[in-house]
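Below: the structure, in C-alpha cells.
The values are calculated or read from the model by the stated rules, or taken from the named source; none is laboratory data. Remember, predicted model here, so these are calculated numbers, not experimental data. In this analysis, Cβ positions are derived from the backbone assuming ideal geometry, glycine residues included, and neighbour counts consider all displayed protein chains.
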Amino acid sequence: MRVAASDYWLARFLRIFPGLVSCVAAVAFVIAPLTAVLTGRRYWFPDAILYFASNLSAGLPGVAVGGIPGSLEGLPDPRLWNGPLWTLFWEIACYILIGVLFLAFRSELARVAVLCLFFAGTVALFAVDAGWASPPTPYDWPLVPVTTFLAGSLVFLFQDWIPVGRKTVCLSTALVVLVASLGYAQSLVHIPLSVFLLSGSLHLPLSTVGSRFDISFGVYIYGWPMQQVLASGGLHTAVPPELFAIAALLLVAPIAWLSCRYVELPARVWLRRRKDRASAPQLA
C-alpha cells in the first residue's frame, strides 16, 4: 500500500517533534534549574533559553547547543545535557532520504537504491573495523546510526523475504554474537540485529511490552538527562556502573511513560483522527 506523501511527512514529524520539544523544555526549564539548586551549581536563564531554542533544530550540527554552562560542572561530561540528541538530526535526514527515494522512483527501484546505500555504508564501516582506514575523529560520526537506520528500513522493505519463526530468532542471535566477538559489530551487526529485534518481538516473552504505551522514544531522549541528574548527586562514584544503569532506567521509565501517554500518543491519535476524517465519505 502506497502512503500519501503528506501523511508520511506529517507522521514522521509527529513521531519526533512533540516529544523533542517537551523534552528540551523540561531539561532547560525544570530539570537543569532544579539540579543546579539542589547541587549548588550555576544556572543562568538566558543560557537555558539558548539551549532550548537551538535544540529545536533536532541536533542540527553547528546550531544545537549541547549544554547549559555551569549546570553540570565537575561531572564526567559537563558539556552535554542530552548527548543523543545529535542523532535525531541524522534520523530525520534518513526519513527524508527514504521519503524522497520513494517519491522519485518506483517502489522496486527505491528498494534497490536503499540496498545500495546500505552496502556502501557497510563497506566504509568494514574498512575502519578491518584497519584499512583510519577511524574518524568526531565523536558524533553519523555513518553508524545512518547504516543502522538503513538496515531497519531494508528489513521492513524486504519483510516478505524474511521468515519470522523461532529459528530466525536463534540464527540472528548467533550472528550478532559472532560478529560482535570478532570485532566487526560496527560494520556487520546491523542486519542480523534488526532481524533479531523484529522477529524476537513476536516470539520472546516480553513481546507484549510496549504494545499499548511505547516508551522507547522517551527512554531515548530522557535517558541521558536522567543519568546526568544522578551523576550530579554523585551516584556514579558511589555505585558500580551496573547499579547506576539500573537506577537510571528506573528513573527514566516513568518519565518516558508520561511522555508517551500525554505527548506522543495524543499526537498520533490526532493524526489518526485526521486521516479518518479525510477518508470519510462526504455528503453531497
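Please go through the stretch 7-21 and pick out each residue that is of a type outside the set (D, E, K, R) and either free of Cβ contacts under 8 Å to residues at least 12 places away in the same chain or in contact with an Asp or Glu (Cβ under 9 Å, 6 or more places away or on another chain) (or both).
Phe13, Leu14, Ile16, Pro18, Gly19
Going residue by residue through the stretch 75-83, is there one that turns out to be among the small types (Gly, Ala, Ser), touching a residue at least 12 places away in the same chain (Cβ under 8 Å) and on the phi > 0 side of the Ramachandran plot?
Taking every residue of the stretch 75-83 in turn, none turns out to be among the small types (Gly, Ala, Ser), touching a residue at least 12 places away in the same chain (Cβ under 8 Å) and on the phi > 0 side of the Ramachandran plot.
Of the residues Leu230, Leu265, Leu271, Leu250, only one is modelled with pLDDT of 95 or more, assigned to a helix (DSSP H, G or I) and surrounded by 13 or more Cβ atoms within 10 Å (Cβ to Cβ); which?
Leu230
Tally the residues that are of a type in the set (D, E, K, R) and either crowded, with 18+ Cβ neighbours inside 10 Å or under 20 Å from Leu85 (Cα atoms) (or both), restricting the search to the stretch 31-72.
Matching residues across the stretch 31-72 total 2.
What number of residues within the stretch 85-116 are charged (D, E, K, R) and touching a residue at least 12 places away in the same chain (Cβ under 8 Å)?
Result for the stretch 85-116: 2.
Residues are listed down the side, and each one gets a yes or a no for (1) aromatic (Phe, Trp, Tyr); (2) assigned to a loop (DSSP other than H, G, I, E, B):
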{"site": "Ala58", "(1), (2)": "no, yes"}
{"site": "Gly62", "(1), (2)": "no, yes"}
{"site": "Val65", "(1), (2)": "no, yes"}
{"site": "Pro69", "(1), (2)": "no, yes"}
{"site": "Leu75", "(1), (2)": "no, yes"}
{"site": "Pro78", "(1), (2)": "no, yes"}
{"site": "Asn82", "(1), (2)": "no, yes"}
{"site": "Trp90", "(1), (2)": "yes, no"}
{"site": "Ile96", "(1), (2)": "no, no"}
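If you check Arg106 against the conditions, is it over 30 Å from Gly83 (Cα atoms), surrounded by 13 or more Cβ atoms within 10 Å (Cβ to Cβ) and among the charged types (D, E, K, R)?
Against the criterion (over 30 Å from Gly83 (Cα atoms), surrounded by 13 or more Cβ atoms within 10 Å (Cβ to Cβ) and among the charged types (D, E, K, R)), Arg106 does not qualify.
Do you know which residues across the stretch 4-30 are of a type in the set (D, E, K, R) and either loosely packed, with under 14 Cβ neighbours inside 10 Å or not assigned by TED's automatic domain parsing to the domain that holds Tyr222 (or both)?
Asp7
Looking at the stretch 100-129, which of its residues are at pLDDT 90 or above and of a type in the set (Gly, Ala, Ser)?
Selection gives Ala110, Ala113, Ala120, Gly121, Ala124, Ala127.
Name the residues in the stretch 36-63 that are β-branched (Val, Ile, Thr) and modelled with pLDDT of 95 or more, would you?
Ile49, the sole residue that qualifies.
Only one of (1) surrounded by 17 or more Cβ atoms within 10 Å (Cβ to Cβ); (2) over 21 Å from the mean Cα position of the chain (by Cα); (3) over 30 Å from Ala238 (Cβ atoms) fails for Leu75. Which number is that?
(3)
Inside the stretch 103-122, can you point out the residues that are part of a helix (DSSP H, G or I) and more than 19 Å from Trp90 (Cα to Cα)?
If the condition is that a residue be part of a helix (DSSP H, G or I) and more than 19 Å from Trp90 (Cα to Cα), then Leu103, Ala104, Ser107, Glu108, Leu109, Ala110, Arg111, Val112 are the ones that fit.
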